[in-house]
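Asker: Before I ask anything, here is the structure I am working with.
No lab work stands behind these numbers, since they all come straight from the coordinates. What you see is a predicted model, and the numbers here were worked out from it, not measured in a lab. Reconstructed Cβ throughout: ideal geometry from the backbone, glycine too, with neighbour counts over all protein chains shown.
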């Protein structure tokens with residue numbers, strides 16, 4: 001079950017916010033969910049993502065929280081909603097963050113997501129992603145901060161494989177996706193994401209992919225990109241990194 005909640009943070013009174021604040025909001029969120037925080041800490045791939053981005057349409061920052069399982073919805077998102085009856089207070093920074101409203105989105109089952117892409121009358125040849133918060137990948141002991149197609153698709157597949165009934169851990173399928181997806185155009189810049197005293201080299205910006213190959217491969221690619229809007233992509237998607245939106 002895929003769930004999403006947006007917490008809208010007005011500009012006024014929140015002048016110090018930026019996407020790095022997502023790391024602080026992660027800490028705040030863990031404080032609200034009791035013993036479940038420890039259970040999540042011991043888990044490999046986490047069943048949620050969260051990040052902070054500026055929404056020009058609302059002229060406000062938006063804290064977006066996604067969950068990929070029913071358990072995460074009940075034990076993370078619902079307690080967080082209850083805690084947000086008052087402003088957000090970041091203890092270690094003595095920082096108070098005012099919010100304007102919470103916005104709930106309709107829950108989507110994994111089957112509904114699959115049907116959206118596999119039963120659609122058309123398939124998308126071009127897919128444009130906006131990396132709204134810094135994205136980075138870990139490969140061979142280093143951070144890779146470019147939109148590498150293999151690392152992007154491998155990240156999508158591993159996250160989807162963890163929380164759906166369909167198996168995606170297939171090297172042959174990954175290779176087919178990599179061979180048939182190409183960069184069409186991009187506008188990105190390098191940046192760093194701060195986690196405590198650690199700087200993670202990363203990138204933000206917009207990337208358009210062209211998807212070739214058989215019809216079913218295009219549908220699979222579309223579904224994985226769609227799932228990525230919930231799961232995030234790359235490293236530290238639970239701590240504010242790797243937030244993406246399909247344009």
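Asker: Given points 7 Å out from each Cα along the Cα-Cβ axis, report the residue 78 to residue 179 separation in nanometres with one decimal.
Answerer: 4.7 nm
Asker: Once the Cα gyration tensor of the chain is found, what semi-axes does its equivalent ellipsoid get, as square roots of 5 times the eigenvalues, in whole Å, sorted largest first?
Answerer: Details: eigenvalues 174, 80, 61 Å².
Here the semi-axes work out to 30, 20, 17 Å.
Asker: What ranking do 6, 121 get, fewest neighbouring Cβ atoms within 10 angstrom at the top?
Answerer: 121, 6
Asker: Turning to a different aspect of this structure: Once you place label points 7 Å from the Cα toward the Cβ at residue 166 and residue 107, how far apart are they in nm?
Answerer: 2.1 nm
Asker: Sticking with this one: When only alpha-carbon atoms are used, what values of Rg and Dmax, in angstrom, describe segment 3-104?
Answerer: 13.2, 38
Asker: Taking the radius of gyration and the Kirkwood hydrodynamic radius from Cα positions alone, what is the Rg/Rh ratio for segment 110-246, to two decimal places?
Answerer: Numbers: Rg = 14.6 Å, Rh = 15.2 Å.
Using only Cα positions, Rg/Rh for segment 110-246 is 0.96.
Asker: Between the helical axis of 149-163 and the dominant principal axis of the chain, each derived from Cα atoms, what acute angle in degrees is found, rounded to the nearest 10?
Answerer: With both axes taken from Cα atoms, the answer is about 70 degrees.
Asker: Tell me what the chain gives for mean residue ellipticity at 222 nm when only DSSP H runs of n ≥ 4 count, each as -39,500 (n - 2.57), the sum divided by the residue total, rounded to 500 deg cm²/dmol.
Answerer: -9000 deg cm²/dmol
Asker: Using the alpha-carbon atoms, what tilt in degrees (0 to 90, nearest 10) does helix 171-180 show relative to the longest principal axis of the chain?
Answerer: Tilt of helix 171-180: around 80 degrees.
Asker: Here is a further query. Give the angle, between 0 and 90 degrees and rounded to the nearest 10, that separates the Cα long axis of helix 215-231 from the longest principal axis of the Cα atoms of the chain.
Answerer: For helix 215-231, the angle is close to 10 degrees.
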